[in-house]
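Okay, so here's the structure we're looking at.
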Amino acid sequence: MHPNPVFHTAEAKGNLAFARERAFGVLSVQGDGAPMLSHVPFLLEGTTVDLHLVRSNPMARALDTPLAARIAVSGPDAYVSPDWYGIVDQVPTWNYIAVHLTGVLERRPQTELRDLLDRQSALFEDRLAPKPPWTTGKMDETALERMMRLIVPCRMQVTDVDGTWKLSQNKPDAVRQAAADQVEAHGIGAEPRLLAALMRGAGGQG
């Protein structure tokens with residue numbers, strides 16, 4: 001996370017809401033030597049994260065005992081050229097949103113998997129309305145049971161939440177607005193238009 005406190009003004013409630021809406025991140029636990037990473041969709045309810053891992057994933061095999069873990073949730077990001085500020089003596093930077101959820105990850109009983117899959121698919125299928133939602137009930141039970149044997153349910157209790165909202169809050173309003181206009185028109189990154197909109201609304205956060 002960026003060390004400048006001006007980019008850490010979001011409250012835990014806002015960071016959790018952001019992570020809940022994105023519902024996808026990079027899960028990390030410490031392995032032998034380097035950390036183990038998995039890109040996972042997840043459900044966040046309160047401060048409880050539910051997710052599943054492929055049984056053959058080394059991370060899943062390591063969960064014989066609960067492990068300290070972190071999920072990094074990325075939002076929109078974009079390169080910001082110094083020329084876009086309209087003032088002198090600036091340097092290139094990258095604006096972005098990222099939320100880290102830290103806690104303890106454990107494997108849950110296999111009997112909880114069906115409910116997890118139903119809740120998780122409902123979260124995303126509901127966003128596709130008016131398409132009729134897909135449910136596990138549409139699958140042959142034998143085929144579903146076979147597939148569920150390949151994955152394991154996991155849960156992480158969140159003990160710490162941190163978020164970086166780097167939106168040029170450390171610049172004067174007019175300078176930040178000028179940069180946001182250029183990010184929207186020419187931004188390089190993920191969802192630059194969304195990032196530009198957030199930059200425009202970032203006044204008074206610094």
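Of note:
- Criterion: closer than 30 Å to Arg193 by Cα and loosely packed, with under 13 Cβ neighbours inside 10 Å - qualifying residue of Gly46, Gly33, Gly75: Gly46
- When Pro66, Pro41 are checked against the criterion of being surrounded by 13 or more Cβ atoms within 10 Å (Cβ to Cβ), closer than 15 Å to Arg155 by Cα and in contact with a His (Cβ under 9 Å, 6 or more places away or on another chain), a single residue qualifies: Pro41.
- Scanning the stretch 65-102 for residues that are of a type in the set (Val, Ile, Thr) and part of a strand (DSSP E or B), we see that the one that is nearest to the chain's Cα centre (by Cα) is Val73.
- Breaking point among (1) within 30 Å of Gln169 (Cβ to Cβ); (2) surrounded by 19 or more Cβ atoms within 10 Å (Cβ to Cβ); (3) of a type outside the set (Gly, Ala, Ser), for Leu105: (1)
- Residue check for Val88: of a type in the set (A, V, I, L, M, F, W, C) and loosely packed, with under 14 Cβ neighbours inside 10 Å: yes
- When the stretch 35-49 is filtered for residues that are of a type in the set (Val, Ile, Thr), over 17 Å from Ile151 (Cα atoms) and in a strand (DSSP E or B), only Thr48 remains.
- Any hit, the stretch 50-61, residues being under 14 Å from the mean Cα position of the chain (by Cα), in a strand (DSSP E or B) and modelled with pLDDT of 95 or more: yes
- Test: Val54 is in contact (Cβ under 8 Å) with a residue 12 or more places away in the chain and buried (at least 16 other Cβ atoms within 10 Å of the Cβ): no
The values are calculated or read from the model by the stated rules, or taken from the named source; none is laboratory data. Quick caveat: nothing in here was measured; it's all calculated off a predicted structure. With ideal geometry, Cβ positions are generated from the backbone for all residues, glycine too; neighbour counts draw on all protein chains shown.
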